[in-house]
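Asks: Just dropping this structure here.
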Amino acid sequence: MARIPLLQLNRVSLTFGGDPVFSDFDLVVQPGDRIALVGRNGSGKSTLMKVMAGLVEPDRGEVIVGPGTSVGYMEQDPEMKGFATLGDFATAGLEPGEMYKVERAGEGLKFDPARPVETASGGERRRAALARLMAEAPELMLLDEPTNHLDIEAIGWLEAELKATRAGFVLISHDRAFLRNLTRATLWIDRGKLRRQEKGFGEFEVWRDAIWDEEDMQRHKLNRLIKSEARWAVEGISARRKRNQGRVRALQELRAERSSQIRRQGSAELALDSGPKSGRKVAEAVDISKTYGDKVILQDFSIKIQRGDRVAFVGPNGAGKTTLLKLLLGEIEPDSGTVSLGTNLEIAVFDQARAQLDPNATLWESLTGDPAMRIAGKSDQIMVRGTPKHVVGYLKEFLFDDRQARAPVRSLSGGEKARLLLARLMAQTSNLLVLDEPTNDLDVETLDLLQELLDDYDGTVLLVSHDRDFLDRIATTTVAMEGDGRAVAYAGGWSDYQAQKPENLVGKGEKTKVSTAKLKQEEKPKPGLSFTEKHRLEVLPGEIERLEAEIGKLEVLMADPELYTREPVKFKKATEALSMRQKKLAAAEEEWLQLEEKAAET
């Protein structure tokens with residue numbers, strides 16, 4: 001028996017300001033679908049999601065919601081007018097007996113229900129909106145950048161919730177690890193066209209590149225055909241004018257076809273100049289401590305950062321990552337201990353709060369008004385890594401067009417604001433980059449370019465990020481802010497930190513195995529645990545069983561002795577996937593044991 005779709009779009013088209021956002025989209029979302037919605041910044045992802053949610057009316061086509069289907073939408077800027085507190089907003093529409101659902105979600109997402117709406121930050125508002133959606137538990141969830149403003153712990157909680165849900169969801173996110181772990185299908189908006197692949201985000205880049213390679217080949221063939229036909233038209237048309245008018249018309253049609261093709265949006269022309277080398281030592285902290293009132297931010301922390309290091313700082317929101325950065329840069333003084341900076345440092349900072357951007361200034365003014373870029377007596381030129389450039393020309397390198405140059409910053413999307421900040425950052429020469437959440441709102445292509453740029457950068461990088469994939473690709477050292485003033489440095493990125501932290505090291509490196517059969521006997525939550533811990537104790541047996549099955553499949557695949565020679569790329573991916581799943585299995589088993597012990601103590 002055929003399933004009734006949760007949502008269906010038939011021949012949907014939408015135009016803004018004369019330019020088509022998308023044309024003749026068809027889409028079916030079935031029960032249980034887990035879909036990644038991807039595309040370049042400005043391609044129309046959020047707009048399409050609003051069409052799906054019924055908040056934007058398409059110019060043509062129809063949007064059909066399945067009979068009795070509840071649809072929940074989490075937007076980037078939730079409207080909370082009329083609500084006194086975040087809790088009032090999050091519990092609106094729930095029955096009195098369901099209030100615990102918001103409390104549970106609030107615990108996982110770390111938002112304060114008593115916070116007045118008027119004083120709540122954008123991040124707090126988004127967490128309240130997400131808690132409301134998770135508490136309502138609709139049959140179809142539409143999630144637009146749900147991980148923005150969440151710390152890694154909250155992202156992990158949300159990921160576990162979405163893995164466990166039976167609801168269908170469509171997900172926009174810049175967090176590649178989040179998308180890879182959750183999705184089973186991918187929707188790709190590209191130049192007004194919607195494509196679908198029944199594979200998760202982990203296969204997206206291979207799929208995208210194959211499509212682009214085919215496009216390039218077809219365009220090359222078309223250009224050769226036009227060149228051949230044009231030569232015939234010049235050399236032979238006079239002798240056969242009447243008999244070959246059809247061929248002339250065909251040539252005109254070929255040219256029209258080429259003109260109608262929409263070129264792919266180019267990549268931002270990111271570039272970094274590390275300038276003069278800093279001294280070998282960049283910064284050294286010895287037994288530094290810092291408190292604010294009764295809150296201990298840091299206690300007896302030491303680290304030595306050398307030229308070329310990539311140091312990531314991770315931990316919950318409010319743990320003190322930014323404070324530690326400021327201590328290491330000498331912007332604030334420690335209560336005790338010492339910090340010494342190296343010589344010849346040229347520092348460039350990327351600010352996650354976008355505080356460096358005046359929302360009322362134009363993009364033009366944002367560049368020409370920067371003292372580091374201003375050229376005396378030149379109102380239309382700026383200094384970029386020691387070379388004068390025209391303002392509009394430089395903006396085009398970061399994918400802005402002529403019209404946007406005079407537009408206010410407030411009109412930009414989150415991704416466009418991030419690109420504008422990168423434009424300012426990369427105009428400077430520096431040998432120490434301080435990047436505070438640089439990945440927020442950037443599309444996959446720009447993230448890849450930024451990663452490549454940092455790989456080739458000769459200077460030192462200090463990085464604050466909640467993007468696990470980006471941390472794994474960039475960091476050589478991870479400093480974990482573990483609470484109560486504890487900060488510990490681990491070698492490597494996020495996955496390395498997870499493998500090295502004490503709770504994952506059992507005995508003398510021996511791995512404790514937990515039988516699936518035993519886990520299945522313990523599915524009932526124990527008293528004394530928090531909502532989140534009870535939920536984890538419920539879902540961990542299934543998660544462990546799934547990981548064991550996936551590991552078994554990968555081991556069978558890699559048992560083929562010819563795989564490495566025949567398909568080296570596949571072998572490499574399988575090796576990485578096996579290592580990642582083995583680490584996840586060890587962590588899941590250890591988490592289950594800890595929760596069991598905690599439950600038994602109460």
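The values are calculated or read from the model by the stated rules, or taken from the named source; none is laboratory data. Everything numeric here is computed off the predicted structure, so don't read it as measured data. All Cβ positions, even for glycine, are placed from backbone atoms using ideal geometry, and neighbour counts span all protein chains on display.
Asks: Suppose we filter Gly61, Gly42, Gly93 for residues that are small (Gly, Ala, Ser) and under 24 Å from the mean Cα position of the chain (by Cα); which single one remains? So that I can check it myself, show each step before the final result.
Replies: On the way: Gly61 fails: under 24 Å from the mean Cα position of the chain (by Cα); Gly93 fails: under 24 Å from the mean Cα position of the chain (by Cα).
One residue alone meets the criteria, Gly42.
Asks: Also, quick follow-up: Keeping to the range 146-168, report how many residues are surrounded by fewer than 22 Cβ atoms within 10 Å (Cβ to Cβ) and more than 21 Å from Asp472 (Cα to Cα).
Replies: Total satisfying the criteria: 7.
Asks: Just to verify a result, which residue in the range 11-52, among those that are free of Cβ contacts under 8 Å to residues at least 40 places away in the same chain and part of a strand (DSSP E or B), is surrounded by the fewest Cβ atoms within 10 Å (Cβ to Cβ)? Working first, answer last.
Replies: Step one: list which residues in the range 11-52 are free of Cβ contacts under 8 Å to residues at least 40 places away in the same chain, which gives 16-19, 24, 28, 47, 50.
With part of a strand (DSSP E or B) added as a condition, the list becomes 16, 19, 24, 28.
On the way: Phe16: 11, Asp19: 7, Asp24: 15, Val28: 14.
For the range 11-52, the residue satisfying everything is Asp19.
Asks: So, Arg104, is that one of a type in the set (Lys, Arg) and touching a residue at least 40 places away in the same chain (Cβ under 8 Å) or not?
Replies: Working: of a type in the set (Lys, Arg): yes; touching a residue at least 40 places away in the same chain (Cβ under 8 Å): yes.
Considered against the rule, which asks whether it is of a type in the set (Lys, Arg) and touching a residue at least 40 places away in the same chain (Cβ under 8 Å), Arg104 comes out as yes.
Asks: Residues in the range 462-492 that are more than 14 Å from the chain's Cα centre (by Cα) and over 28 Å from Lys295 (Cα atoms): how many?
Replies: The qualifying residues number 4.
Asks: Turning to a different aspect of this structure: Go through the range 166-183 and give me each residue that's within 19 Å of Leu442 (Cα to Cα), among the hydrophobic types (A, V, I, L, M, F, W, C) and out of contact with any Lys or Arg (no Cβ under 7 Å at 6 or more places or on another chain).
Replies: Listed by number, the residues that qualify are Val170, Leu171, Phe178, Leu179.
Asks: Looking only at the range 406-448, filter to residues that are in contact with a helix residue (DSSP H, G or I) (Cβ under 9 Å, 6 or more places away or on another chain) and in a strand (DSSP E or B); which one of those is modelled with the lowest pLDDT?
Replies: Looking at the filtered set, the residue picked out is Asp436.
Asks: Which one is modelled with the highest pLDDT, of the residues in the range 1-10 that are closer than 19 Å to Val170 by Cα and loosely packed, with under 13 Cβ neighbours inside 10 Å? Let's see the steps before the verdict.
Replies: As a first pass, look at the range 1-10 and keep what is closer than 19 Å to Val170 by Cα: 3-10.
Subsequent filtering for residues that are loosely packed, with under 13 Cβ neighbours inside 10 Å retains 3-4.
On the way: Arg3: 71, Ile4: 86.
Of everything passing the filter in the range 1-10, Ile4 is modelled with the highest pLDDT.
Asks: Please verify whether Val311 is closer than 24 Å to Asp151 by Cα and not assigned by TED's automatic domain parsing to the domain that holds Leu109, treating the condition exactly as stated. Before the answer, list the steps.
Replies: Working: closer than 24 Å to Asp151 by Cα: yes; not assigned by TED's automatic domain parsing to the domain that holds Leu109: yes.
For Val311, the condition - closer than 24 Å to Asp151 by Cα and not assigned by TED's automatic domain parsing to the domain that holds Leu109 - is met.
Asks: Let me ask something else about it. Taking the range 274-325, which residues are free of Cβ contacts under 8 Å to residues at least 40 places away in the same chain, outside any strand (DSSP E or B) and within 17 Å of Asn431 (Cα to Cα)?
Replies: The answer is none; no residue qualifies.
Asks: Turning to a different aspect of this structure: Looking for something touching a residue at least 40 places away in the same chain (Cβ under 8 Å) and under 27 Å from the mean Cα position of the chain (by Cα) - is there at least one such residue anywhere in the range 331-347?
Replies: Applying the first criterion (touching a residue at least 40 places away in the same chain (Cβ under 8 Å)) to the range 331-347 yields 332, 334-347.
Those still in the list that are under 27 Å from the mean Cα position of the chain (by Cα) too: 347.
Scanning the range 331-347 turns up at least one residue that is touching a residue at least 40 places away in the same chain (Cβ under 8 Å) and under 27 Å from the mean Cα position of the chain (by Cα).
Conditions (1) assigned by TED's automatic domain parsing to the domain that holds Leu142; (2) within 20 Å of Met141 (Cα to Cα); (3) of a type outside the set (Gly, Ala, Ser), marked per residue:
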site: Thr15; (1), (2), (3): yes, no, yes
site: Phe22; (1), (2), (3): yes, no, yes
site: Gly32; (1), (2), (3): yes, yes, no
site: Leu37; (1), (2), (3): yes, yes, yes
site: Ser43; (1), (2), (3): yes, no, no
site: Ser46; (1), (2), (3): yes, yes, no
site: Ala53; (1), (2), (3): yes, yes, no
site: Val56; (1), (2), (3): yes, yes, yes
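Asks: Mind checking which residues of the range 363-385 are outside any helix (DSSP H, G or I), more than 18 Å from Val349 (Cα to Cα) and in contact (Cβ under 8 Å) with a residue 24 or more places away in the chain?
Replies: Passing the criteria: only Ile382.
Asks: State which residue is nearest to the chain's Cα centre (by Cα) when the search covers only the range 113-126 and only residues that are surrounded by fewer than 16 Cβ atoms within 10 Å (Cβ to Cβ) and part of a loop (DSSP other than H, G, I, E, B).
Replies: Step by step, filter the range 113-126, then rank; the result is Ser121.
Asks: Every residue in the range 66-112 that is assigned to a loop (DSSP other than H, G, I, E, B) and surrounded by fewer than 13 Cβ atoms within 10 Å (Cβ to Cβ), please.
Replies: Narrowing the range 66-112 to residues assigned to a loop (DSSP other than H, G, I, E, B): 66-70, 75-84, 92-95, 110-112.
Passing the criteria: Pro67, Gly68, Asp77, Glu79, Lys81, Gly82, Ala84, Gly93, Glu95.
Asks: Continuing with the same structure: Asp469 - would you say it is outside any loop (DSSP other than H, G, I, E, B) and either assigned by TED's automatic domain parsing to the domain that holds Met580 or of a type outside the set (A, V, I, L, M) (or both)?
Replies: Working: outside any loop (DSSP other than H, G, I, E, B): yes; either assigned by TED's automatic domain parsing to the domain that holds Met580 or of a type outside the set (A, V, I, L, M) (or both): yes.
Judged against the criteria, Asp469 is a match.
Asks: Any residue at all in the range 53-65 that's at pLDDT 90 or above and assigned to a helix (DSSP H, G or I)?
Replies: The answer is yes; a qualifying residue exists.
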